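**Student:** Take this structure, written in structure tokens, and hold onto it; I'll ask about it next.
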Amino acid sequence: MFGLFKKKSPGYVTISLNARLQPVHRGDLEDAFAEVCRKHGIEAAVVGGGTLMEENGEVKECDIEIKLDDLNEKNIETIKGLFEAMLAPKGSYMTIHGKNEKIPIGKHEGLGLYLNGTDLPAEIYKSCGANFVYQECQRLLEGIATVDSHWQGPTETAIYMYGKNFAAIERAIQPLIESYPLCQKSRVVRIA
């Protein structure tokens, strides 16, 4: 009977994602998380977030801060599971505020396709576009992975994809890389 009146212990966790998400795309993930919590009656709310950038302006990783109405093991495992279902690349972790520990999370593997923006003939840049590559990657990866963000730097444009298997992602987009003129001299990089 006395367990019925157990006091909740609110607290905060930070999810540090090894994901190259622009702030707007991190916001999309935060909104999706909030919607899942609302639908399932999970008492958690996103209260902050941040993006760590490389010197060249490319996103390195991002954080999402979450307030839990009850900071217990069950809720921590639930939050971990939700992010691993949505997007938590390998190398991501959860930090529980007030504790000096990082809990590893993440199952997704990531691929960055870096399009060369300076070394191709001018007519290719005039007739081809990175938006087409982005959309075609989405089409080719249906059921395999997702295209989650992008970055345009001074010499190249990156498209970031995450899924269960790096090799499967690479295989799926290989025909595009081999056939589309804008993909000449591109780089494929494992990002998670």
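Readers should treat all values here as calculations from the given coordinates under stated rules, not as data from a laboratory. As the structure is a prediction and not an experimental result, all values here were calculated from the model. So basically every Cβ, Gly included, is an ideal-geometry build from the backbone, and we count neighbours across all protein chains shown.
**Student:** For the stretch 128-163, how many residues meet the condition of being among the aromatic types (F, W, Y) and touching a Ser or Thr at 6+ places or on another chain (Cβ under 8 Å)?
**Tutor:** 3
**Student:** Could you grab me the full set of residues in the stretch 70-103 that are in contact (Cβ under 8 Å) with a residue 12 or more places away in the chain, surrounded by fewer than 18 Cβ atoms within 10 Å (Cβ to Cβ) and of a type in the set (S, T, N, Q)?
**Tutor:** The answer is N72, T78, T95.
**Student:** Inspect the stretch 140-158 for any residue being in contact with a Pro (Cβ under 9 Å, 6 or more places away or on another chain) and not in a helix (DSSP H, G or I) and give the result as yes or no.
**Tutor:** No, the stretch 140-158 has no match at all.
**Student:** Continuing with the same structure: Taking the condition of being part of a helix (DSSP H, G or I), charged (D, E, K, R) and either in contact with a strand residue (DSSP E or B) (Cβ under 7 Å, 6 or more places away or on another chain) or under 12 Å from L29 (Cβ atoms) (or both), how many residues in the stretch 76-93 meet it?
**Tutor:** The qualifying residues number 2.
Per-residue answers, yes or no, for (1) surrounded by fewer than 17 Cβ atoms within 10 Å (Cβ to Cβ); (2) small (G, A, S); (3) in contact with a strand residue (DSSP E or B) (Cβ under 6 Å, 6 or more places away or on another chain):
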| residue | (1), (2), (3) |
| --- | --- |
| V13 | no, no, yes |
| R20 | no, no, yes |
| P23 | yes, no, yes |
| F33 | no, no, no |
| L52 | yes, no, yes |
| N56 | yes, no, no |
| K60 | yes, no, yes |
| E65 | no, no, yes |
| L68 | no, no, yes |
